[in-house]
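Worksheet for the structure shown next.
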Amino acid sequence: EYSLSVDNIFIFVLVFSYFGIPAKYKHRVLFYGILGALVFRAIFIAMGSALMQFHWVIYLFGGFLILTGIKMFFTSNEEIKPEKNLLIRIFRKFMPVTNKIDGRSFFLKIGDRWHATPLFIALLFLEATDIIFAVDSVPAIFAVTKEPFIVFTSNIFAILGLRSLYFMLAGVIDKF
């Protein structure tokens, strides 16, 4: 699970650089991002555990992983554009977004309306990408074990280690 989660670090780098998140606020965004990831992983693992009672689901998960691998093999190295993310586009329809980072705040009141700051948009994008990664990693670990406790704890430890690994590698990430 930890090795499957390492690709999240590169997503962290892309998102933080794209949204221009200052180094002093990255801890805050990652803290809440990891909390959200823990909640979403628990939901996915609970659903996966319930579905694993049916033997045919293993083949469905395996087929999904194979299709994902084939898709990754044939995709080109396109530039990631977070503003084209469906979740972020939907969010922008319901709440205005400002480009101003005002301290540690995820939301900023401008006039009489609340606006989301780039910190919140970065957090939202990190959560969306973690959900996509969870769709791959949860079936993969269920292929190894059917014990939900092992699946959950391996996911939790992998996610908790990501934040410290990111800050350890942050200084040399441009060399990768």
With a 1.4 Å probe and all protein chains kept in place, how much accessible area does Ser154 have, in Å² rounded to the nearest 10?
30
What is the extension gain from Ser17 to Met95, computed as 0.36 nm multiplied by their sequence separation minus the C-alpha to C-alpha distance, in nm to one decimal?
25.8 nm
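Using the Kirkwood radius over Cα pairs, work out the Stokes-Einstein diffusion coefficient for the chain at 25 °C and 0.890 mPa s, in µm²/s as a whole number. Each step should come with its number before you reach the end.
Values: Rh = 17.6 Å.
Estimated via Stokes-Einstein, D reaches 139 µm²/s.
Evaluate the charge dipole of segment 84-176 about its Cα centre and quote only its size in Debye, nearest 20, assuming +1 on the Cβ of each Lys and Arg and -1 on the Cβ of each Asp and Glu. If you can, show how the numbers build up before the last one.
Working: 11 positive and 7 negative charges, 85 e Å.
Once rounded to the nearest 20, the dipole reads 400 debye.
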Over segment 82-152, with every protein chain in place, what whole percent of the accessible area is carbon and sulfur at 1.4 Å, could you tell me?
64
Determine the calculated [θ] at 222 nm for the chain from helices alone, applying -39500 (n - 2.57) to every DSSP H run no shorter than 4 residues and normalising by the residue count; nearest 500 deg cm²/dmol.
-23500 deg cm²/dmol
Mind checking the full-extension length gain between Ser105 and Leu67? Use 0.36 nm per residue of separation minus the Cα-Cα distance, one decimal, nm.
9.7 nm
Per residue value of the accessible surface for the chain (all protein chains in place, 1.4 Å probe), Å²:
61
Rounded if a/c is under 1.5, else prolate if a/b is larger than b/c, else oblate: which is segment 130-176, with a ≥ b ≥ c the root eigenvalues of its Cα gyration tensor?
prolate
Ranked from highest to lowest mean number of other Cβ atoms within 10 Å per residue, what is the order of the peptides 122-132, 63-73, 139-149, 36-46?
122-132, 36-46, 139-149, 63-73
Under 5 Å between amide hydrogens, which residues at least 5 positions from Phe107 or on another chain qualify, with H placed 1.01 Å from N in the peptide plane?
Thr117
Could you tally up the Lys pairs in the chain with alpha carbons closer than 19 Å? Skip any pair fewer than 8 positions apart unless they're on separate chains.
7
If the only charges are +1 at each Lys and Arg Cβ and -1 at each Asp and Glu Cβ, what is the size of the charge dipole of the chain around the Cα centre, to the nearest 20 debye?
580
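The values are calculated or read from the model by the stated rules, or taken from the named source; none is laboratory data. Here the structure is a predicted model, which means the values were calculated and not measured. Positions of Cβ are generated from backbone atoms using ideal geometry, with glycine treated the same way; all protein chains shown enter the neighbour counts. Accessible surface is based on the protein model in full, side chains and every heavy atom, while ligands, DNA and RNA are left aside. Shrake-Rupley method; radii C 1.70, N 1.55, O 1.52, S 1.80 Å.
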